[in-house]
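Shown next, in structure tokens, is the structure this report addresses.
The values are calculated or read from the model by the stated rules, or taken from the named source; none is laboratory data. Predicted, not measured: the structure shown is a model, and the values here were computed from it. Backbone-built Cβ (ideal geometry, glycine too); neighbour counts: all protein chains shown. For accessibility, only protein heavy atoms count, side chains too; no ligands or nucleic acids. Shrake-Rupley method; radii C 1.70, N 1.55, O 1.52, S 1.80 Å.
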Amino acid sequence: MRLFLVLPLIGAALAVAQDTAGVGTIKGRVLKADLSAAGGYKVCAAEAQRCDTTKEDGTFRITDLRSGLFTLVVTLTSSTELKTTQVEARIGVEASVVVTLPKIEGVEQSITVSDAVFLPPEEVKSSGYLVSQREIFKSAGALQDVSRYIQTLPGIAIGSDDFRNDIIVRGGSPLENLFIVDNIEIPNINAFANFASAGGTVSLLDAALIQDVTFLTGGYPAPFINRTSGVLQITQREGDRERFRGRATLGFAGAGTILEGPIRKGKGSWVVSARRSFLDLFTDNIGFGGVPVAYTYNAKAVYDLGPRDRIWVANVSGNDRIRLGLAEGNQDKTEEINNFDIRYDGWRAATGFNWQRLFGERGVGLLGVTHSESRINSSVKDLVRFGLPPAGQSVAQQIANAPLVFNESSREGESTIKYDLTAYVPGFEKMQMGGSYKIFRLRYNTASPLGEDTPFSIVPGVNRFAVNTSFPAYQSGAYWQNTRNFGSRLNLTWGGRLDHYQYLGESRFSPRMGLSYRLTDKMSWRASYGTYFQQPFFQFLAVFPQNRGLIPWRADHYVTGVNYVVSPTVRMTVEVYQKEYKDYPVSSQFPTLSLANVGDTFDVSSILFPLTSAGRGRVRGFEMFVEKRFSEKWFGQANLARQQARQAGLDGVRRPASFEYPWIFNAVGGYRLNPKWELSVRMAYLTGRPYTPYNEVESRRQRRPIFDLNQVNALRLPDYFRLDVRVDRNLKVWGKPLLLFFGAQNVTNRKNVAGFGWNRRTNGQLANEQLGLFPNIGLDWRF
């Protein structure tokens, strides 16, 4: 007979993680041959020499394990030890197994363990999702972009344009999300980004280097700072510790190479990725007056100083440039973009050093020192600002004669030192605490010399500004958190954090709490509450003097729900939530305008205006989610969300928020037809988002867009529908595996509407269409 480790029931757990110490957990339950609980047995992860003793109900938890493979050793008697094949531990997640003991006289000394199911740590109670590298890399429509895959999760929506990868979490602005990569906080993980946004067109991160992704959409615990909607955590994998390897890739983000290998005979590893877009090698215009050029770089090195000490360094960086607007061969007068000449050149990098130390049998500390830097140079000329150019004038003459309406040459830097400690204290069980200190170095040289022709104002050219300033700023924070069991069914996490925002002269305390109660072996009830604060981005604070008086806005999260396990790889969840916003920045000039309704745009000047902290809002809704994790043949998930989002400007009237999609349905899945062929499909349906119609009489008179302020967000765009398909072909070239993939986004070529604009040449309204039928072709060759 054998000792069997079988897949567990994942009843009370969500597939999500919280990584504050760079370690993982192996937990489980030991059962006797008659399936009764086996208490009092010692279970150890042999390679780490970390152990736990099973409780009366047979449960055990081996904590603070670095990523890697571990042999479980189960001690039955003083002379009987049983060893399993290896179980994988991964950073920030819990691998869960069930151990079923046979009769002692029949036990073999070497046994086989089935694949572990990865679950959340106990302190994460609700609204979280674990995404595997396979799902990002192979899913239709994701374009191997982590943000685009996240858009398929419950309650998550696209922004105003599916050419961008903004993440809209439960009706909140895309400015409200936190990005963490290998313990490095990164302001924006995307190329073609600006300082006043959190999205872009393509991710800086190479999906082939990603190991795990976790996304928290509400009620998240105390370690997370300064964001009010979501937390995206990404762990990049280690390089190969045994031999040098490489791979070549080609896809939406460009062509690239990955190289990796060992350090000092397996004591560590390194891996690097470099990618470059390639369309500019074939053309100088892909339909909007130019072609994007982007370079992205990722790197990670890990080294074990000893059994208890590990260090790693990670870097995410990129530079990009693009030209948009009127060009020879691109003079379609129906396109508003052809009324401009836009130049953009950006660079951004984030690097972090981490030192992890294991304390005793249970405890771990993580010291992180990180620095991020970004630079943007951009300019905008308006070819029709003072009227239509003379007939017959060349493109070059139109651009030369056009006035400069916006320019920027700015830089932001952020240095952080942080420390996180996890310890197990008798009587308190799991304790987590930590702190951080941030130094910002900011330089803004930006101007809007003619002001903004905002559609909220009947008067053109408002809010002229010219800023050339440099200044430092500081932010400090500390948190503590306790997680413990009360009996065999109830688990409670409670704590809080204190943050000081030096530039605003404000301090805030944020309480957090969550609990889970196991109703049955397959069903659990969970609830969480938290208060969250966020400082407005520094660029908003710097442009207008009165914005210095802003305070951090606040969001209170209330979440509750039930999780039900259908099988070891299938689960269903239902959640209800509410977010209450207070002190949100709103326009001091235009009573209906709130910063909560902007953020998913490349047009920086349109979202820079005088602000005051007077906005309030509320988002409420429910989400249903079913997930099938990959096993043998297929994976998939589907979700349905209903939401109501209301935001108020200075006038106090709560109107439909610009990011409100009353109904959202997503479905994505993949099927392995045979070892050579795989198929993936994605479907998305969203009811139309609100928009404000134009005052057509006044807009025609002034030849520019002017809103009808009696109908702010009173109308809705047509519903959005998209179907994406991808086919993978696996083969070998020179004995090395090659993946070829081909497919398309929006295979029905549906004309989804992003919004309505006003064309100043034709002096009429036009519909801005989303991405049409878009091919997706690429390869991945490992050598």
>> I'd like the full set of residues that are within 18 Å of residue 164 (Cβ to Cβ), free of Cβ contacts under 8 Å to residues at least 40 places away in the same chain and either among the aliphatic types (A, V, I, L, M) or surrounded by fewer than 19 Cβ atoms within 10 Å (Cβ to Cβ) (or both), limited to segment 283-292.
In response: 286, 291
>> I'd like the residue in segment 655-687 that is among the basic types (Lys, Arg) and part of a strand (DSSP E or B) and, out of all such residues, is surrounded by the fewest Cβ atoms within 10 Å (Cβ to Cβ).
In response: 672
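Scanning segment 239-261 for residues that are assigned to a loop (DSSP other than H, G, I, E, B) and open to solvent by 40 Å² or more (accessible area, probe 1.4 Å), which turns out nearest to residue 743 (Cα to Cα)? Give the derivation first.
Applying the first criterion (assigned to a loop (DSSP other than H, G, I, E, B)) to segment 239-261 yields 239-244, 252-253.
Okay, now just the ones that are also open to solvent by 40 Å² or more (accessible area, probe 1.4 Å), so 241-244, 252.
Numbers: 241: 35, 242: 35, 243: 34, 244: 32, 252: 12 Å.
The residue in question is 252.
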>> Which residue is least open to solvent (accessible area, probe 1.4 Å), if the candidates are limited to segment 43-60 and must be at pLDDT 85 or above and among the polar types (S, T, N, Q)?
In response: 54
> Just one of the numbered conditions (1) in contact with an Asp or Glu (Cβ under 7 Å, 6 or more places away or on another chain); (2) under 30 Å from residue 456 (Cα atoms) is not true of residue 611; which one?
Replying inline: (1)
> If you check 322, 337, which single one turns out to be of a type in the set (Val, Ile, Thr), within 19 Å of residue 203 (Cα to Cα), open to solvent by 20 Å² or more (accessible area, probe 1.4 Å) and at pLDDT below 95?
Replying inline: 322
> Do any residues in segment 233-244 that are at negative phi have Cβ atoms under 7 Å from those of residues that are among the acidic types (Asp, Glu), where the two are at least six apart or on different chains, and which pairs are they?
Replying inline: 233/19; 235/19; 235/182; 235/212; 236/182; 239/260; 240/260
> Does segment 566-584 contain any residue that is over 23 Å from the mean Cα position of the chain (by Cα), assigned to a strand (DSSP E or B) and under 20 Å from residue 175 (Cα atoms)?
Replying inline: yes
> Within the bounds of segment 703-721, is there any residue that is more than 29 Å from residue 286 (Cα to Cα) and small (Gly, Ala, Ser)?
Replying inline: yes
> Mind checking which residues of segment 714-753 are of a type in the set (Ser, Thr, Tyr) and assigned to a loop (DSSP other than H, G, I, E, B)?
Replying inline: 748
> Could you list, in sequence order, the residues of segment 562-612 that are touching a helix residue (DSSP H, G or I) at 6+ places or on another chain (Cβ under 7 Å) and more than 15 Å from residue 653 (Cα to Cα)?
Replying inline: 598, 599, 600, 601, 608, 610, 611
> How many of the residues making up segment 718-743 are open to solvent by less than 50 Å² (accessible area, probe 1.4 Å) and more than 18 Å from residue 158 (Cα to Cα)?
Replying inline: 10
> Out of the residues in segment 61-98 that are of a type in the set (S, T, N, Q) and outside any strand (DSSP E or B), which is most open to solvent (accessible area, probe 1.4 Å)?
Replying inline: 78
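Does residue 476 fit the bill of being without any contact (Cβ under 8 Å) to a residue 60 or more places away in the chain, hydroxyl-bearing (Ser, Thr, Tyr) and either assigned to a strand (DSSP E or B) or open to solvent by 70 Å² or more (accessible area, probe 1.4 Å) (or both)?
Details: without any contact (Cβ under 8 Å) to a residue 60 or more places away in the chain: yes; hydroxyl-bearing (Ser, Thr, Tyr): yes; either assigned to a strand (DSSP E or B) or open to solvent by 70 Å² or more (accessible area, probe 1.4 Å) (or both): yes.
Judged against the criteria, residue 476 is a match.
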> If you scan segment 269-296, which residues turn out to be among the aromatic types (Phe, Trp, Tyr), closer than 11 Å to residue 253 by Cβ and modelled with pLDDT of 95 or more?
Replying inline: 295
>> Of the residues 26, 91, only one is of a type outside the set (S, T, N, Q), closer than 21 Å to residue 308 by Cβ, at pLDDT below 85 and out of contact with any helix residue (DSSP H, G or I) (no Cβ under 8 Å at 6 or more places or on another chain); which?
In response: 91
> Would you pick out the residues in segment 636-654 that are open to solvent by 10 Å² or more (accessible area, probe 1.4 Å), among the hydrophobic types (A, V, I, L, M, F, W, C) and within 27 Å of residue 573 (Cβ to Cβ)?
Replying inline: 638, 640
> Inside segment 418-470, can you point out the residues that are assigned to a loop (DSSP other than H, G, I, E, B), under 30 Å from residue 709 (Cβ atoms) and without any contact (Cβ under 8 Å) to a residue 40 or more places away in the chain?
Replying inline: 451, 459, 461, 464
> Are any of the residues in segment 349-363 open to solvent by 60 Å² or more (accessible area, probe 1.4 Å), touching a residue at least 40 places away in the same chain (Cβ under 8 Å) and either touching a Phe, Trp or Tyr at 6+ places or on another chain (Cβ under 6 Å) or basic (Lys, Arg) (or both)?
Replying inline: yes
> Within segment 262-282, which residues are open to solvent by 50 Å² or more (accessible area, probe 1.4 Å), farther than 30 Å from residue 237 by Cα and either in contact with a strand residue (DSSP E or B) (Cβ under 6 Å, 6 or more places away or on another chain) or in a loop (DSSP other than H, G, I, E, B) (or both)?
Replying inline: 282
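Condition test on residue 629, is it part of a strand (DSSP E or B), touching a residue at least 12 places away in the same chain (Cβ under 8 Å) and within 22 Å of the chain's Cα centre (by Cα)? Before the answer, list the steps.
Values: part of a strand (DSSP E or B): yes; touching a residue at least 12 places away in the same chain (Cβ under 8 Å): yes; within 22 Å of the chain's Cα centre (by Cα): yes.
Against the criterion (part of a strand (DSSP E or B), touching a residue at least 12 places away in the same chain (Cβ under 8 Å) and within 22 Å of the chain's Cα centre (by Cα)), residue 629 qualifies.
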> What pairs can you find where one residue is in segment 535-549 and farther than 21 Å from residue 187 by Cα and touching a residue at least 12 places away in the same chain (Cβ under 8 Å), the other is assigned to a loop (DSSP other than H, G, I, E, B) and open to solvent by 20 Å² or more (accessible area, probe 1.4 Å), and their Cβ atoms are less than 8 Å apart, with a gap of 6+ or different chains?
Replying inline: 544/463; 546/588
> Quick check: is even one residue across segment 203-214 open to solvent by less than 10 Å² (accessible area, probe 1.4 Å) and out of contact with any strand residue (DSSP E or B) (no Cβ under 9 Å at 6 or more places or on another chain)?
Replying inline: no
>> Among the residues of segment 364-384, what is the count of those that are in contact with a helix residue (DSSP H, G or I) (Cβ under 9 Å, 6 or more places away or on another chain) and open to solvent by 50 Å² or more (accessible area, probe 1.4 Å)?
In response: 1
> Do the conditions hold for residue 200, that is, is it of a type outside the set (D, E, K, R) and without any contact (Cβ under 8 Å) to a residue 40 or more places away in the chain?
Replying inline: yes
> Looking at segment 525-532, is at least one residue closer than 30 Å to residue 614 by Cβ, part of a strand (DSSP E or B), in contact with a strand residue (DSSP E or B) (Cβ under 9 Å, 6 or more places away or on another chain) and open to solvent by 30 Å² or more (accessible area, probe 1.4 Å)?
Replying inline: yes
>> I'm checking my understanding of the structure. Among residues of segment 166-200 that are of a type in the set (S, T, N, Q) and more than 10 Å from the chain's Cα centre (by Cα), which one is farthest from residue 726 (Cα to Cα)?
In response: 183
